[in-house]
Structure formats: C-alpha cells, structure tokens
1. Being without any contact (Cβ under 8 Å) to a residue 40 or more places away in the chain and either within 30 Å of THR354 (Cα to Cα) or among the aliphatic types (A, V, I, L, M) (or both): is that true of GLY264 here?
2. How many residues does the stretch 372-387 hold that are modelled with pLDDT of 95 or more, open to solvent by less than 50 Å² (accessible area, probe 1.4 Å) and of a type outside the set (Val, Ile, Thr)?
3. Does the stretch 429-442 hold any residues that are buried (at least 19 other Cβ atoms within 10 Å of the Cβ) and either under 19 Å from SER309 (Cβ atoms) or of a type outside the set (A, V, I, L, M, F, W, C) (or both), and which are they?
4. Counting just the residues of the stretch 180-209 that are of a type in the set (Lys, Arg) and part of a strand (DSSP E or B), which one comes out most open to solvent (accessible area, probe 1.4 Å)?
5. So which strands (runs of 3 or more DSSP E) are wholly in the stretch 297-403 and hold at least 3 residues that are more than 25 Å from LEU186 (Cβ to Cβ)?
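The values are calculated or read from the model by the stated rules, or taken from the named source; none is laboratory data. All values derive from a computational prediction rather than experimental measurement. Virtual Cβ from ideal backbone geometry, glycine too; neighbours counted across all protein chains shown. The area values use the complete protein model at the heavy-atom level, side chains included, leaving out ligands, DNA and RNA. Shrake-Rupley method; radii C 1.70, N 1.55, O 1.52, S 1.80 Å.
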Amino acid sequence: MDCMEPARFLCPCDSPGKHTGVGCHALLHWLFLTQGSNPRLLRLLHRQAGSFPLAPIWQVLEREKRLTSAVGGASLREGAGTGARLWGGAKGRAGLKRDSGNRTPGWGGPEGAGPRRWLPRPYLGWAHPFWCSCFSRRHRRNLGQSTDIHTMKLVNNRGRMALKQVSSSKCFGGLQKVFEHDSVELKCKMKFAVYLPPKAETGKCPVLYWLSGLTCTEQNFISKSGYHQAASEHGLVVIAPDTSPRGCNIKGEEDSWDFGTGAGFYVDATEDLWKTNYRMYSYVTKELPQLVNDNFPVDPQRMSVFGHSMGGHGALICALKNPGKYKSVSAFAPLCNPVLCRWGKKAFTGYLGTDQSKWEAYDATYLVKSYPGPQLDILIDQGKEDEFLSDGQLLPDNFIAACTEKKIPVVFRLQEGYDHSYYFIATFIADHIRHHAKYLNA
C-alpha cells in the first residue's frame with residue numbers, strides 16, 4: 001500500500017505503466033480505461049475504508065482538471081447526494097453500476113453526454129487511487145470499453161472518435177505523444193506526434209509544426225532531432241505529422257522511395273489516380289491545425305512552421321501561400337526550386353500533371369516573387385557536404401536570389417562539413433527553436 005500516490009489518481013497524461021503504482025488510467029470525454037482488475041478489492045475497500053490513504057475529492061478534481069486540459073479532455077465532476085458521481089445523474093448510488101442509458105443535461109457535460117457512472121457510497125467527498133484498477137473484465141465488457149491499455153481515445157462532444165493515443169512518454173518535464181485519427185482530407189488513418197511542454201498544464205502555448213522529408217514518418221523527427229529540451233524551455237507545443245497517406249492501395253504508391261508512400265510533397269494532387277488521397281497541403285494547413293486547436297492547449301494565433309528537405313520545401317510554401325498565418329518559418333536543406341530538380345519534376349508530374357503553371361503554385365522560389373504578405377524572417381541551414389546540394393536537387397541560390405529581389409530577409413547559413421542527415425539537424429535544432437520562439441513568444 002505504500003506505493004499508492006493519491007496525487008496521481010486519474011492522470012490522463014501517464015502512459016501505461018509509467019509510475020502510476022496501479023497502472024495507467026485515463027478519463028477523457030466519457031471514456032474510462034482501466035488496468036489491473038481485482039473485483040475483490042471492491043469489497044475490501046468497503047470494509048476497510050479507514051485503512052487506506054484517501055485523497056480529498058477537491059484535490060483529485062483540481063489535478064484532473066489541469067491535466068485533462070492539456071489534451072482537451074473532459075473533467076471529473078463531484079456529485080451531490082449519496083455518492084460521488086461521474087458524468088451526470090440526479091442521485092448517487094452505492095456500488096459500481098452503469099445506468100441503463102438515461103442522460104441528464106446540465107451536469108457533468110452537455111445534453112446527451114455519456115452513461116452515468118458512480119463511485120461507491122462510502123467515498124462521498126473522497127476518492128481512492130485504487131478505484132481505476134478495481135474494474136473486473138466483466139465491468140469493462142459491460143461498459144463496452146477496450147481492454148487494450150496501450151491506447152487512449154479522445155472522443156468529441158458528439159461521441160464520435162476523433163483521436164486515438166498510440167504512445168506517451170515523459171521528456172524534459174513534458175509529454176511526447178503520438179496520436180492516430182481518420183483523416184477527412186486523405187481518406188485514411190494518419191499518425192502525428194505532439195510534444196506538450198510543461199507549460200501546457202497551466203495554459204495555452206504557441207504551436208510549431210515540423211514537416212519531415214522523403215521516406216520519413218512522424219517518428220524520425222521525435223526520435224532523432226533532439227528538439228525536446230529547447231521546446232520545453234521555450235514552452236512550445238510541437239506537432240510532427242507523417243509525410244504522406246498510407247495504405248490507400250493506389251497502383252504504384254509503393255514502387256518508388258521518392259514518389260507515393262512517404263513522399264507526399266505537401267501538394268494537393270489533381271491527377272485522377274492521386275487526387276482522392278494525396279492532399280497533404282490541405283492536411284497540414286487546414287485539417288491538422290483544426291484538429292490540434294480543438295484537442296490541445298494551443299493558441300491558434302501563434303503558429304510557425306519548419307521542416308527538412310522535402311519538408312523544408314513544405315514549410316516554405318505553407319508560409320508563402322498563407323500570408324500572416326505563420327509567425328515565422330525555417331528549413332534545413334530545403335528543396336527550394338522543385339520545378340527545376342529531378343525530385344520535384346517527378347513528383348509534380350505524377351501528382352499535378354504536365355501543366356507547369358500548376359507546379360509553380362508549389363514552388364517556393366516562384367511563390368516568394370509574388371509574396372504579398374507581412375514580412376517573413378526566414379532561416380535556412382544547409383550542410384556544405386550535402387550530396388543533394390551538389391547533385392542539384394536543393395537549389396538554394398535560386399531562392400536566395402528571389403528573396404533578395406523582393407527584399408524579403410533570409411538568413412542562409414552554409415554549415416561546413418555537414419551533410420543531409422539528422423546529425424546535421426540535431427546540431428542546429430536549438431537555433432531553429434529559438435528563431436521561432438522569438439516570434440511566437442513576442
């Protein structure tokens with residue numbers, strides 16, 4: 001019993017087995033996941049309530065309110081009557097029961113909110129850290145919940161699943177999470193990573209979007225770049241999506257490493273074969289930000305974007321095509337003029353067809369020439385030993401010349417001895433975080 005910590009009760013930010021003492025518990029928008037079933041503990045706790053450490057319900061409520069605000073979750077509500085209630089109802093009940101489906105508006109959520117659930121009679125005004133682990137398999141079956149403790153689902157106010165948490169790990173005082181959802185734009189399941197800094201527990205934070213390069217998933221950046229410490233110190237929420245739709249069963253999508261899967265190029269495809277699913281530009285500029293704004297403690301008015309290689313191209317065009325939407329932009333070894341490089345020609349032909357006027361709408365060098373918006377402070381780092389630089393794939397000189405002509409400030413740093421890899425990114429990632437924090441925290 002010494003391991004029980006009341007302060008950790010109903011902590012939705014703990015991932016499975018992360019020092020909770022009794023397992024991972026999540027209580028988010030009418031969903032209750034449990035671990036460590038032992039139905040005998042129900043009777044034991046009724047008989048020996050005085051022998052266990054209890055936490056005042058107001059402490060549980062306060063902590064749960066802070067932590068669920070970090071993921072857009074609902075809050076545990078204290079009930080009146082003879083029992084402490086979860087999610088609605090007119091009177092308390094003894095024992096763990098599930099209501100037959102009645103809904104009570106105005107208490108514990110909006111009208112139509114989920115089923116009534118109860119804490120037992122002896123614990124009026126008090127909550128015990130063991131309750132989350134006392135459900136038997138039968139209780140979980142009756143509640144219709146998954147017994148997979150390695151996922152957590154967030155459900156929106158209409159009861160439709162919006163996000164499924166895939167993983168969560170504490171890092172530099174914050175939480176590195178990965179979520180999965182059904183994308184409307186891409187017509188498939190998509191994953192994206194979210195880093196919530198410690199400041200996200202107490203208020204809304206600026207949000208910084210990272211776009212990865214060819215063949216990458218959301219995992220490359222979060223596991224290799226080492227960005228967490230700088231993001232934690234500056235209080236930035238960082239979002240890293242996948243680089244393309246996956247599993248769409250489109251003919252040819254798996255045939256090449258630089259086209260199709262892992263190579264969405266952040267465009268909205270217009271060719272018949274690809275236009276239904278390959279809409280990465282709309283996904284990263286519209287659908288994903290809306291999803292993030294709705295579910296996480298971010299300030300939608302303070303948003304920036306950066307990326308690497310193909311993702312650097314994506315970051316530049318997102319900022320240039322949406323004047324004022326992003327406070328700042330930066331890139332590592334971006335494809336600056338894709339209409340003139342082999343990667344760009346192959347991707348644009350496949351996704352957009354042979355009309356090169358369509359290509360120019362997704363080319364940073366062309367876009368900057370007609371950029372009408374507020375001044376952007378652009379930072380670009382480029383490794384001097386980058387094989388793709390010498391191979392003519394990146395073409396930064398063309399972009400710098402266009403920026404100079406338009407009098408748009410760009411800081412271009414040619415880094416001696418560095419290549420195109422994540423070792424290069426990890427070396428200078430803190431500089432880029434500071435660059436964005438200067439504008440996001442202004």
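1. Working: without any contact (Cβ under 8 Å) to a residue 40 or more places away in the chain: yes; either within 30 Å of THR354 (Cα to Cα) or among the aliphatic types (A, V, I, L, M) (or both): yes.
Yes, satisfied.
2. Within the stretch 372-387, the first condition is being modelled with pLDDT of 95 or more, and the residues that meet it are 378-387.
From what's left, open to solvent by less than 50 Å² (accessible area, probe 1.4 Å): 378-383, 386.
Now restrict to residues that are of a type outside the set (Val, Ile, Thr): 379, 381-383, 386.
Residues in the stretch 372-387 being modelled with pLDDT of 95 or more, open to solvent by less than 50 Å² (accessible area, probe 1.4 Å) and of a type outside the set (Val, Ile, Thr): 5 in total.
3. Here is the first cut: in the stretch 429-442, the ones buried (at least 19 other Cβ atoms within 10 Å of the Cβ) are 429, 432-433, 435-437, 440.
If the condition is that a residue be buried (at least 19 other Cβ atoms within 10 Å of the Cβ) and either under 19 Å from SER309 (Cβ atoms) or of a type outside the set (A, V, I, L, M, F, W, C) (or both), then ILE429, HIS432, ILE433, HIS435, HIS436 are the ones that fit.
4. First pass over the stretch 180-209, keeping only residues of a type in the set (Lys, Arg): 187, 189, 191, 199, 204.
Imposing the further condition that a residue be part of a strand (DSSP E or B) reduces the set to 189, 191.
Working: LYS189: 109, LYS191: 75 Å².
For the stretch 180-209, the residue satisfying everything is LYS189.
5. Details: elements: 298-308, 329-332, 378-383.
Result: 298-308, 378-383.
For (1) among the aliphatic types (A, V, I, L, M); (2) touching a His at 6+ places or on another chain (Cβ under 9 Å), each residue gets a yes or a no:
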position	(1), (2)
ILE239	yes, no
SER244	no, no
LYS251	no, no
GLY262	no, no
TYR266	no, yes
VAL284	yes, no
VAL292	yes, no
HIS308	no, yes
ALA333	yes, yes
